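Enquirer: One structure, as structure tokens, below. Some questions next.
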Amino acid sequence: MRKILYMALFLLTWLSLSVFPAGAEDLPHWAKQWKDWAQSTGNQDYIEWAEKYCGPESIQLGKEWEDYLGYNAVDIVAKDKTAPSIKPGLVITPENVKQYEKELRQLFPYGFDWEVDRMMGTGVYADYNYSPLEMVIVPTHHQWNDRGYLEASKKYSSTCKVGEKDALVGWTAGLPFPKPKTALEMVHNYDRLTIMGDNLNSMPLQFGLYGRDGTRERVEKVELHWRNYVGRIKIPPMPEIPGAKDIYEKGSIVATYPYDLKGFAAVRTRYADPQKEDSFVTYIPSMRRIRRLAGTNTQDPLVGSDLSWEDWKGYWSKISIHPVKCRLLGEAVVLCPSINPKPIKYEEKYGGFSQRYLWERRPVWIVEIAYEEPTYIYGKRVMYIDKETFAMQQENFYDQKGRLWKVWDWCWRWNPANGELDYWNPYVADLINRHTTIANHHIMLNMPNLTENYFNLRYLSSKAH
Amino acid sequence: MKTCKYVFIRCLVILAASLAFQSSALAAEFDIAGRPFFINGFIMQEGTLGVDNSRFHGRNMTAYSTLQLEWEFKLNQHISLYGINRLFGDQAYNLHHNRHWYQRANHTKAQETNARERMEWEWNNYDEGWEVFREIYVDIFTESFQFRIGKQQVIWGESDGLRLMDCINPQDLRYEFNLRDSDEGYEYTRIPLWLIKATYFPKWEPLGIRDLQFEFIINPGKTKINRLELYESEGGVWATETPNLPTGVRVSVDDKTHKTSLDKTEFAFRIMGDYDGWLFTLNAYYGYQQENTGILVPTGPGVGAPWDGAFLTLNFDKKFYHRKLVGFTLNKELTAIRLRKTTSPVLRVEALYEFDKPFCYEGEHVGDMAWTGLNPAYSQARKFKDQIRIMIGYDWQIYLRFLNKRESFFTSAQFFLFYIRGKNGEFVNAPFYFTNKVKGDLLPPLPPSRDRSYIDPWRIHQTQKYFSFLVNTYYDNKRIMPQVLFLCDLNEKAYGVKAKLNLNYGSHWRPEMGVMMWWGDHDTGKSFGLFQKNRQAYIKIKYQF
């Protein structure tokens, strides 16, 4: 009888822990500090977000990632005393940025203080203050990636190594180097996170193109689909699609606007063989033909934007084809776009097309990727890579003469309950040609019905008129 | 019927205007009975100025106006209806017909100047208004099939410019010819046909072939031919000129176009797939010849027409025989070749074997053709020979950073080779036969004269060779695109150049300006020499919505 009673008590305890939300007093400190801050603001958006962030599944997954990595961002940031005035709750705008300039620049080391110039219209943005920004500072999150990545990393990372021509060898799924020691390993990590899931739709992906006078000059819209064929983490079949082991991933697009782009459709295939070039098959509406274009042509801008295929998701370069020297410049706590529970706010403000999104301090690795080919479009890139999610946060592109050419940031959408992470709005400014691209994504991740029919000639045939 | 047509056209214009000027200025998407209906299109005005030619030098040659609406109505996930409505015409006659220079430029031996009035809208005298429905078809998707039924274009092949396997739809060449939209895939000049197209997508991958598909096309008897007016009979600047003939002699050609009939059914079949990066097609076609430089069959001489001063007419029927061909295309990126470690060329190959292709036969020697027109019993006017046509080309995006830091230069070269098997005697492209010199004589040189100063037809060589080269690039975030296209007929030493500049500022306005030039033997209308009279500078202003 006593045994049964003990058993019942144990079951009850287990049930209450796993089913009912954790009480505030039981929350880990990284969750509690966010929740307390949200309550203190009285802002309903923050409070709702904190509830989600502090849900039992979220806490469980957060703890597992913390245990696996051995650290969390909140603790790392807490030790950093840089720029004490930049505190949660502060909203920095082009109107008050002057007051915080000095401290802000400290939070954008290694040449990323263009974010400050962007708001002030100084430095590289002199006479080019056309992407004004409102930075809403929030507390640091302990962030984590998808549960699938965690499990796959635990299972498969031990077999991974860097091979000939710096290629990744022995990878099956997940992060190849969850505890990276070199910049090259960090680059491979981000490369293999691909789209942060097994597949993706962005319906539509809209490119807003802004000229040097700050007005939106063009809008281009495409429908985007992406699918991983190996390294799959949560949508069966896993870890690879049978019969397609030679393919890393495929992406397809169809342009829907404006008229002169409409109907252009393409399927891009990236092969697992590090020496094999991408396949790029297109439907060209003016010719009404399915035609292969050069998969090797990865350096031309996509449509009229400031992005090339090499820049897709910030970095999509094959280092076995375009050899690089990767260097870890350092580690730092920096200011990065944060998780944004609501869509980004765009409005005509401050004489330009202003964006407002959340920012937080993040621990990052600063990685330099220097290209060895003098004919490559860039001389080097420098990235902030997040130490928790392994995702690229901000990026600087330098031309072959060493001039800062393009800059990149984006903010994230995140489901803490399962770790699904995707991006809202890549912001890319070409500082030499004075042109800006803001991509507005409408992403859905990990859909069970995104089949091969979106990634083959049949797809192109179905889009052909 | 006529009233309905004009009501419909007015509706189109009003709809286009309202779409173009709506405040969002984006393509429109409506709900009709809870189902999505998409519509967009453009309005375009073009103008050309004659350059370095005798008749229109410094004057406006053509004034094309286009209004095009493209729409799609999705009934459900499996069925959709697609259409293109187009109003297209040349307003030059309306603009200039009272002007002396225009009347002089358009007046020819065969035609009065007001013939160009017929070019005002493209549906005149031909398709009785259906041209307004440029395309209209229904798409039906199932798990393994796609059916497309209706008036449509089907484009085969890998060649740009010269059409080899692109044989399903004919072309309307009355307004535009080889350089006009050849660099844009003949989108504006191809004539859509009423077709049934079925595509089967099997799930299997035999021999490692991926993306296999089988395409079957039927034209159930409503065949058409290329439209190119001989002897300026509709007066357009793109019509061929009256050939050189002795004083008082003229040629009359009667188009024997097909009548709609089930026994005129055309068939086409294609297999497409990808084998280890080789994108390939295997093609077969059984239908009718479409080329206007086809076969002239003599029907005997007649008396002349008093209005053009002729006393003798040489009558011909233009006949269109069967066309039977098989062929293949290949498309592969040659990654083993890299320019300065950047990009690789993409190989394009297209080859076909045509059975029993008809040719105008001149006899053992040049010199008989003029007299065949007097003899309806002449049975040697045509020969049927097999012909091989091959195109080998590449597309290569090359970085020249000192000229363009951001973008590559797209280069595309093609070499064409046509070979007639078992050719004996002389084959010619009718009807250009005599030189200018013959005009001053009462009679042409009599057989067996081989006087080249009089007789110099556009011969069809056993091996014909052509070459094309295209280069373009973009500046200013793809807002400026310069392009040059060069064409060369290596047999006739004739050349064509189209140089243009596209400006893509904003989402709506798309101006384009350029020049089109030809060099060749204009005297007897050889190859590009046929169009030397049309050297021109042009400008297009397009507003898309």
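Enquirer: Starting from the Cα-Cα distance between B:ARG401 and B:ASN424, subtract it from 0.36 nm times their residue separation and give me the gain in nm to one decimal.
Expert: Contour length minus Cα-Cα distance gives 3.0 nm.
Enquirer: Multiplying the sequence separation of B:ALA33 and B:ASP255 by 0.36 nm and subtracting their Cα-Cα distance, what value in nm do you get?
Expert: 75.2 nm
Enquirer: List the trypsin sites (Lys or Arg not before Pro) in the range B:471-545 that DSSP assigns to loop (not H, G, I, E or B) and whose Cβ has at most 16 other Cβ atoms within 10 Å. Which are they?
Expert: Answer by residue number: B:LYS493.
Enquirer: Between the range A:122-189 and the range B:60-82, how far is it from one alpha carbon centroid to the other, in angstrom?
Expert: Each part's Cα centre sits 46 Å from the other's.
Enquirer: Counting other beta carbons within 10 Å of each Cβ, put A:THR437, B:THR281, B:THR66, B:THR142 in order, fewest first.
Expert: So the residues, fewest neighbours to most, are B:THR142, B:THR66, B:THR281, A:THR437.
Enquirer: Among the listed pairs A:LYS250/B:LYS341; B:LYS498/B:LYS533; B:LYS478/B:LYS542; B:LYS222/B:LYS259; B:LYS493/B:LYS533, give every one whose C-alpha distance is greater than 19 Å.
Expert: A:LYS250/B:LYS341
Enquirer: Just report the Cα centroid separation between the range B:331-358 and the range B:471-535, whole Å.
Expert: About 23 Å separates the Cα centre of the range B:331-358 from the one of the range B:471-535.
Enquirer: Same structure, new question: Where does the charge balance sit around B:TYR361 when Lys and Arg score +1, Asp and Glu -1, over other residues with C-beta under 11 Å from its C-beta?
Expert: 0
Enquirer: As an exercise, use a Förster radius of 51 Å and the Cβ-Cβ distance of B:LEU334 and A:ASN449 to find the FRET efficiency, rounded to the nearest 0.05.
Expert: The computed FRET efficiency comes out at 0.85.
Enquirer: When DSSP assigns beta bridges and you keep just the ones with both residues in the protein assembly as shown, what percent turn out antiparallel, to the nearest 5?
Expert: Numbers: 278 of 293 bridges.
The antiparallel fraction comes to roughly 95 percent.
Enquirer: Remind me, relative contact order of the range A:129-189 in percent, using alpha carbon pairs under 8 angstrom and six or more residues apart?
Expert: Relative contact order, the range A:129-189: 26 percent.
Enquirer: Here's a follow-up. How far apart, in nanometres, would the label points at B:ARG450 and A:ALA417 be if each is projected 7 angstrom from Cα along the Cα-to-Cβ direction?
Expert: 9.2 nm
Enquirer: Which of B:ASP456, B:ASP263 comes first, and how do the rest follow, when ranked by fewest Cβ neighbours within 10 Å? Please list the in-between numbers first.
Expert: Details: B:ASP456 19, B:ASP263 5.
Ordered by Cβ neighbours within 10 Å, fewest first: B:ASP263, B:ASP456.
Enquirer: A further question follows. Scan chain A and report its longest stretch carrying no GluC sites (Glu not before Pro) that are both in a DSSP loop and have at most 14 other Cβ atoms within 10 Å.
Expert: A:96-371
Enquirer: Going by how many other beta carbons lie within 10 Å of each one, how would you line up A:CYS411, A:CYS54, fewest first? Walk me through the numbers on the way to the answer.
Expert: Details: A:CYS411 21, A:CYS54 24.
Ascending number of Cβ neighbours within 10 Å: A:CYS411, A:CYS54.
Enquirer: Moving to a separate point now. If r is the Cβ-Cβ distance from A:GLU95 to A:ASP127 and R0 is 22 Å, what FRET efficiency results, to the nearest 0.05? List each step's numbers first, then the result.
Expert: Details: r = 19 Å, r/R0 = 0.85.
Efficiency, rounded to the nearest 0.05: 0.75.
Enquirer: Same structure again: How far apart, in nanometres, would the label points at B:PHE409 and A:TYR71 be if each is projected 7 angstrom from Cα along the Cα-to-Cβ direction?
Expert: About 5.0 nm, to one decimal.
Enquirer: For every other residue with a beta carbon closer than 13 angstrom to the beta carbon of B:PHE267, add +1 if it is Lys or Arg and -1 if Asp or Glu, then tell me the sum.
Expert: Working: positive: B:LYS197, B:LYS264, B:ARG270, B:ARG323, B:LYS324; negative: B:GLU215, B:ASP263, B:GLU266.
After counting each charged neighbour, the total is +2.
Enquirer: According to the square roots a ≥ b ≥ c of the eigenvalues of the Cα gyration tensor, what is the shape class of chain A, taking rounded for a/c under 1.5, prolate for a/b larger than b/c otherwise, and oblate for the remainder?
Expert: oblate
Enquirer: Restricting to Cα pairs below 8 Å that are 6+ residues apart, what does the relative contact order work out to for chain A? Please round to a whole percent.
Expert: RCO, chain A: 16 percent.
Enquirer: For B:THR299 and B:ASP441 in one chain, what is 0.36 nm times their gap in residues minus the Cα-Cα distance, to one decimal in nm?
Expert: Numbers: separation 142, 0.36 × 142 = 51.12 nm, distance 2.43 nm.
Full extension of this stretch gives 48.7 nm more.
Enquirer: Let me check against my output: what whole-number percent is the relative contact order of the range B:2-544, with C-alpha pairs under 8 Å and at least 6 apart?
Expert: The normalised contact order for the range B:2-544 reaches 11 percent.
Enquirer: Between the helical axis of B:2-20 and the dominant principal axis of chain B, each derived from Cα atoms, what acute angle in degrees is found, rounded to the nearest 10?
Expert: Roughly 50 degrees, rounded to the nearest 10.
Enquirer: Quick one: check the C-alpha center-to-center distance for the range A:256-280 versus the range A:285-356, whole angstrom.
Expert: 15 Å
Enquirer: A follow-up question, please. Please sort by residue number the trypsin sites (Lys or Arg not before Pro) in the range A:132-193 whose DSSP state is loop and whose Cβ has at most 10 other Cβ atoms within 10 Å.
Expert: Answer by residue number: A:LYS181.
Enquirer: Another one. Using a 7 Å offset from the Cα along the Cα-to-Cβ direction at both B:ASP356 and B:LEU95, what is the distance between the two label points in nm, to one decimal?
Expert: 4.8 nm
Enquirer: Lys and Arg at +1, Asp and Glu at -1: add these up for the other residues within a Cβ distance under 12 Å of A:LYS234 and post the number.
Expert: Net local charge, A:LYS234 excluded: -2.
Enquirer: Next question, about the same structure. Could you work out [θ]222 nm for chain A from helices alone, using -39500 (n - 2.57) per DSSP H run of at least four and dividing by all its residues? Round to the nearest 500 deg cm²/dmol.
Expert: -7000 deg cm²/dmol
Enquirer: OK, next. Which longest uninterrupted range of chain B lacks any GluC sites (Glu not before Pro) assigned by DSSP to a loop state (not H, G, I, E or B) and surrounded by at most 12 other Cβ atoms within 10 Å?
Expert: Details: sites that count: B:GLU128, B:GLU143, B:GLU364.
My reading of the result: B:144-363 is the longest stretch.
Just so you know, all these numbers are worked out from the coordinates, no wet-lab data involved. Everything numeric here is computed off the predicted structure, so don't read it as measured data. Positions of Cβ are backbone-derived with ideal geometry, glycine not excepted, and every protein chain shown enters the neighbour counts.
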